[in-house]
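Working notes, beginning with the structure itself.
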Amino acid sequence: MRNVLITGASRGIGAAAARLFAQNGDRVFANYNRSEDAALSLCRELNEKGYTALPLKADVSNPDEVRRMFDTIEKEYRGIDVLVNNAGIAQAKLFTDITDDDWNKMLGTNLSGAFYCCRAALPYMIRNHSGRIINISSMWGQTGGSCEVHYSAAKAGIIGLTKALAKEEGLSGITVNCIAPGVIKTDMTSNLTEEDFSALRDETPTGTIGTPDDIARTIFFLAEEASGFITGQVVGVNGGIVI
Ligand code: NAP
């Protein structure tokens, strides 16, 4: 049974990934920060069906909380075989309105969070000569998004982290990849109106908006043993809106 840690698993893409891994027999550690009820009820739902899911609270932007989360896991369950750095926040703002606090929160959650979790997960993976790290970037990390400069910078940082770490850990049997989702219907995009979605569909070659399951399936694929020859890649799951 693989140990799979998914950050930001209380809602959206992370929750869909938690369901998919658990349903396939993995032990899922479902990290959350604020949405305790959602995380507990997701894990209860999965455990009642005979799968294994454990909720773990930690703010990924806080290195001490990340360390404590890994200590809890390692005390009873050795370490993490598959790390999914999914926790993220978004904010739409003119560049000139971005405050120091906005910037630090954005980079702290979306980029430093992935750094803290990779740093904590790697010693066990290296000892085990095996591991999968999947980071969730964004199409805005590839192309840049107007009024989302701090978000785009953090997500571009995830791409750099992924490529460099993949080179460093390849001989240790560890792959590091990232996914760059397009527009996915979750709480994060709940500020978009039906008109916005319709305009986005028109711009997208498939004519569709993505679902959390679209991303979860790609995460699961990259985490498979058989995907060991794929590393350092940015996989666009975006209906072709960015090609
Ligand atoms: P979402 O529905 O808003 O969920 C965000 C998740 O991240 C929640 O589970 C939240 O947990 C968690 N989170 C936020 N801050 C955290 C922190 N400091 N520590 C731990 N967990 C934290 O968003 P989503 O759409 O599923 O997004 C998931 C990932 O995909 C993000 O990295 C996002 O940037 C990326 N993405 C999304 C889209 C899209 O269109 N939706 C597109 C491209 C990329 P709590 O509620 O428990 O705090």
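The values are calculated or read from the model by the stated rules, or taken from the named source; none is laboratory data. These numbers were taken from a predicted model, which means no experiment stands behind them. Ideal geometry is used to build each Cβ from the backbone, glycine not excepted, and the neighbour counts take in all protein chains shown. In case anyone asks, the SASA skips ligands and DNA or RNA and just uses the protein heavy atoms, side chains included. Shrake-Rupley method; radii C 1.70, N 1.55, O 1.52, S 1.80 Å.
Miscellaneous remarks
- Surface composition of the chain: carbon and sulfur make up 51 percent of the accessible area, probe 1.4 Å.
- Database remark: amide H of ASN135 closer than 5 angstrom to the amide H of ASN85, ASN177, CYS178, ILE179 (H placed geometrically; neighbours at sequence offset of 5 or more, or on other chains; Pro and chain starts carry no H).
- The alpha carbon radius of gyration of the chain, expressed as a multiple of 2.2 N^0.38 Å, is 0.96.
- Of LYS57/LYS167; LYS57/LYS105; LYS49/LYS185; LYS75/LYS163, pairs whose Cα-Cα distance is over 21 Å: LYS57/LYS167; LYS49/LYS185; LYS75/LYS163
- Probe 1.4 Å, accessible area per residue of segment 1-88, Å²: 44 Å²
- Projected area, mean over directions - segment 23-151, Cα convex hull, nm²: 9.2 nm²
- On Cα atoms only, tilt of 194-203 relative to the major axis of the chain in degrees: 90 degrees
- Protection proxy ranking, highest mean first, for peptides 188-200, 208-220: 208-220, 188-200, where packing is the per-residue count of other beta-carbon atoms within 10 Å, averaged.
- Protection proxy ranking, peptides 13-20, 105-112, average beta carbon neighbours within 10 Å, highest first: 13-20, 105-112
- Other residues whose C-beta falls under 13 angstrom from the C-beta of LEU56 contribute a net charge of -1, scoring Lys and Arg +1 and Asp and Glu -1.
- Separation between Cα centres of segment 55-84 and segment 179-243, rounded to whole Å: 27 Å
- Compared with the dominant principal axis of the Cα atoms in the chain, helix 212-223 is inclined by about 40°.
- Note that segment 102-211 presents 45 Å² accessible area per residue, ligands and nucleic acids not counted, probe 1.4 Å.
- Principal-axis tilt of helix 12-23 within the chain, Cα atoms, nearest 10 degrees: 30 degrees
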